[in-house]
Amino acid sequence: MRLDGIHHVTAITADAQRNVDFYAGVLGLRLVKKTVNQDNPSVYHLFYADEKGDPGSDITFFEYPGAAPGRAGDGMIHRVVWRVGSAAALDFWSERLTERDVEARRVEGRDGLRFSDPEGLEHELVITASSDEPLAAEHPEVPAEFAFLGFDGVGAYASEPDRSRELLEGTLEFALLDQPQGGPLWESRGESRGALYEYHDAPAEPAVQGAGTVHHVAWASPADQHEAWRETVAAAGMRPTPVIDRFYFRSVYFREPSGVLFEIATLGGPGFAIDEPVDQLGQKLSLPPFIEHLRDQIEPNLRPIVNPRQVAA
Ligand code: ZN
C-alpha cells in the first residue's frame, strides 16, 4: 500500500476576500469550491486547485474573520512547495509578485523562488523534475507554460525529526531521500503521483495556530485502501479519528509523532463536481447534504466574496 503524495493542504485565513484575491487573482489558481467548515459551518472553507479540482493541487483555507496572526513552530508545516515548468516560469513569477509588492526571493543552491501570502504563509516554487501529470489552472494573465503544476511537497518544523521516522518509513511507506541540504527529506509516491515531505529545525518560539498558518496536510489514498490505512496507522500506535465523510472525499486524521496534523483523504471521487458542473465550480456556496437544510442560517452570515475569475469572465 502506498499513498499518492499530497491530497490537499489546509491553512487558516482571517480574510476570505484577501485570500481569494491572492490565490485566485495573483497566483492564478482556480477557486473550485466555496463551502463552509463542516466542523464549524459558520465560517468559509475555500478550496483552490487546478482547472478540475484535482487532489495534488488543492490548497484550502478555513476563514476565521479577524483571527490573530499565527506563527509556524515546532510540529507545524511552515512551507508549501509548488511545481512549475521552467526557469522562465520562475522569472515570470518573480516579476508578477514583485509588481504586486509581494517580496519574492531566489533560493540559494536550488532553482527555487520563495514568497509569502498576505498573511505570512510561505510558498516556494521549484522547477519540477517529475513526470507526474501537470495539474494547472487557467488564468487570463498567467501563460499556460508558467502556471503552477501542483504540489511538490511541504516542509514542517520538527525539533526531533527522528521521532517520526518509524511512522513515515515503516508505516506510511515514505522513502527517505538523500538530501544535500536542509533536513531529512522523504517522498510519498503511489501509482498516480508523489510529493515530498521535509523537516527543518524548529524555531525557539512556540507554534501559534492562527491566520497564515497551515492546519494540516492530507495524504492521498486510493479509495479502496482508505479503511486499511486507518487500521495500519492505528496499529502503529497513532490515534486516528473514525473515517469521516466529507462529501467530496473521506478523511481520517491523526497527529504524527513530531506533532504535525496528518489527514489521509480518498482519491477517485466523488470530487468537487458532485454538486455543481465543472465549468461552474466554486461560483455558488456549496453545502453538503447533511447541512443543506441550514442554508438559510448559514449563508446570510457569510460575507460575500468576489471571485476575480468571475469578474474577468
Ligand atoms: Zn483536510
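The values are calculated or read from the model by the stated rules, or taken from the named source; none is laboratory data. Nothing here was measured: the structure is a model prediction, and the numbers come from that model. Backbone-built Cβ (ideal geometry, glycine too); neighbour counts: all protein chains shown. We work out accessible area using only protein heavy atoms, side chains counted, and drop any ligands, DNA or RNA first. Shrake-Rupley method; radii C 1.70, N 1.55, O 1.52, S 1.80 Å.
Scanning segment 265-307 for residues that are in a loop (DSSP other than H, G, I, E, B), more than 25 Å from Ala137 (Cα to Cα) and open to solvent by 80 Å² or more (accessible area, probe 1.4 Å) yields His293, Arg303.
Residues in segment 91-145 that are of a type in the set (Asp, Glu), over 24 Å from Gly73 (Cβ atoms) and modelled with pLDDT of 95 or more: 9 in all. Would you point out which residue out of Glu145, Glu119 is in a loop (DSSP other than H, G, I, E, B), among the charged types (D, E, K, R) and within 26 Å of Arg309 (Cβ to Cβ)? Unique residue meeting the criteria: Glu119. Taking the criterion of being surrounded by fewer than 21 Cβ atoms within 10 Å (Cβ to Cβ) and farther than 21 Å from Glu198 by Cα, the residues of segment 60-89 that qualify are Phe62, Tyr64, Pro65, Gly66, Ala67, Ala68, Pro69, Gly85, Ser86, Ala87, Ala88.
Checked against (1) within 11 Å of the ligand (Cβ to nearest atom); (2) modelled with pLDDT under 95, Asp245 passes all but a single condition, namely (1). The strands (runs of 3 or more DSSP E) located wholly in segment 187-264 that include 3 or more residues which are of a type outside the set (A, V, I, L, M, F, W, C), on the phi < 0 side of the Ramachandran plot and open to solvent by 10 Å² or more (accessible area, probe 1.4 Å) occupy 250-255. For the structure I just gave you, tell me whether Ala137 is of a type outside the set (Ser, Thr, Tyr), under 30 Å from Ser192 (Cα atoms) and either open to solvent by less than 60 Å² (accessible area, probe 1.4 Å) or in a loop (DSSP other than H, G, I, E, B) (or both). Yes; evaluated as a whole, the condition is true for this residue. Looking only at segment 23-59, residues that are outside any strand (DSSP E or B), open to solvent by 10 Å² or more (accessible area, probe 1.4 Å), at pLDDT 95 or above and over 15 Å from Leu135 (Cβ atoms) come to 2 in all. Restricting attention to segment 206-234, the residues being of a type in the set (A, V, I, L, M) and either within 16 Å of the ligand (Cβ to nearest atom) or without any contact (Cβ under 8 Å) to a residue 60 or more places away in the chain (or both) number 7. Checked against (1) open to solvent by 20 Å² or more (accessible area, probe 1.4 Å); (2) assigned to a strand (DSSP E or B); (3) in contact with a Pro (Cβ under 9 Å, 6 or more places away or on another chain), Phe92 meets all criteria but (2).
Figure legend. Inter-residue proximity from segment 6-17: first residues outside any strand (DSSP E or B), second residues more than 12 Å from the ligand (Cβ to nearest atom) and among the charged types (D, E, K, R), beta-carbon distance below 7 Å, spacing 6+ or different chains. Indicated pairs: Ala14/Glu119; Ala16/Glu63; Ala16/Arg303.
Taken as a whole, segment 271-292 holds at least one residue that is within 16 Å of the ligand (Cβ to nearest atom) and within 24 Å of Gly5 (Cα to Cα).
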